[in-house]
Amino acid sequence: MNQSKKFPWGGFHHIAIVTPDLDTTIHFYQDILGMEIGKIYPAKGGRGRHGFIKPGICDGLGLHFFENPHARIVSFPEGTLHPESLQTNSFVDGVLQHIAFSLPDEESALVLRERLLKNEVEMTDIYEIESLKDMIFIDKTNGILLEAIWPSK
């Protein structure tokens, strides 16, 4: 195969993430973020419970969370979302830096923002990057930075 030829990737199928508490993770992604929860598989063969969370219409399975109550989760430090911190200290070595989910419009983003506020989820202001707007917030169970991004129109 020609090494310089473009390979026919079909996009992401899923991202595997370890969580210490699958039930709390499901609550956050389903009840606060409004994502679809797929089948939850029981612990079997030394593997903890696990399941898929779909962030919308996608060909793959989305986020694949594996439960391990003893998982050592490296979280972003408190204050990470403070504007000064975002400019100088927003990366943590060896950690998935963030997952960005797309929204169709600002109206959806503002509804999400209200849900996050109601559930005391730390988040940034809304920022504009060329033709896009975004905000970053924290998955409190797993310490993952999440981003909602939408067209600025």
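The values are calculated or read from the model by the stated rules, or taken from the named source; none is laboratory data. Everything quoted here is computed from the prediction, not taken from an experiment. Cβ placement follows ideal geometry from the backbone for every residue including glycine, while neighbour counts extend to all protein chains displayed.
Selection of segment 22-48 for residues being modelled with pLDDT of 95 or more and either in the same structural domain as LEU110 (by TED's automatic domain parsing) or under 21 Å from VAL74 (Cα atoms) (or both) yields LEU22, ASP23, THR24, THR25, ILE26, HIS27, PHE28, TYR29. Contact annotation: residue pairs with Cβ atoms under 6 Å, 6 or more positions apart or on different chains, pairing a residue in segment 38-57 that is under 20 Å from ILE99 (Cβ atoms) with a partner that is assigned to a loop (DSSP other than H, G, I, E, B) and not β-branched (Val, Ile, Thr), are PHE52/LEU61; ILE53/MET35; PRO55/MET35.
Residues that are under 17 Å from the mean Cα position of the chain (by Cα) and of a type in the set (Val, Ile, Thr) were ranked within segment 127-153; the one that is surrounded by the fewest Cβ atoms within 10 Å (Cβ to Cβ) is ILE149. Residues in segment 99-124 that are closer than 14 Å to ILE149 by Cβ and either part of a loop (DSSP other than H, G, I, E, B) or among the β-branched types (Val, Ile, Thr) (or both) were compared, and the one that is nearest to the chain's Cα centre (by Cα) is ILE99.
Per-residue answers, yes or no, for (1) within 12 Å of the chain's Cα centre (by Cα); (2) outside any strand (DSSP E or B); (3) of a type in the set (Asp, Glu):
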{"position": "LYS5", "(1), (2), (3)": "no, yes, no"}
{"position": "GLY10", "(1), (2), (3)": "no, yes, no"}
{"position": "ALA16", "(1), (2), (3)": "yes, no, no"}
{"position": "THR24", "(1), (2), (3)": "no, yes, no"}
{"position": "TYR29", "(1), (2), (3)": "yes, yes, no"}
{"position": "GLY34", "(1), (2), (3)": "no, yes, no"}
{"position": "ILE37", "(1), (2), (3)": "no, no, no"}
{"position": "ILE40", "(1), (2), (3)": "no, no, no"}
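Restricting attention to segment 127-153, the residues that are over 13 Å from LEU96 (Cα atoms) and either aromatic (Phe, Trp, Tyr) or in contact (Cβ under 8 Å) with a residue 24 or more places away in the chain (or both) add up to 15.
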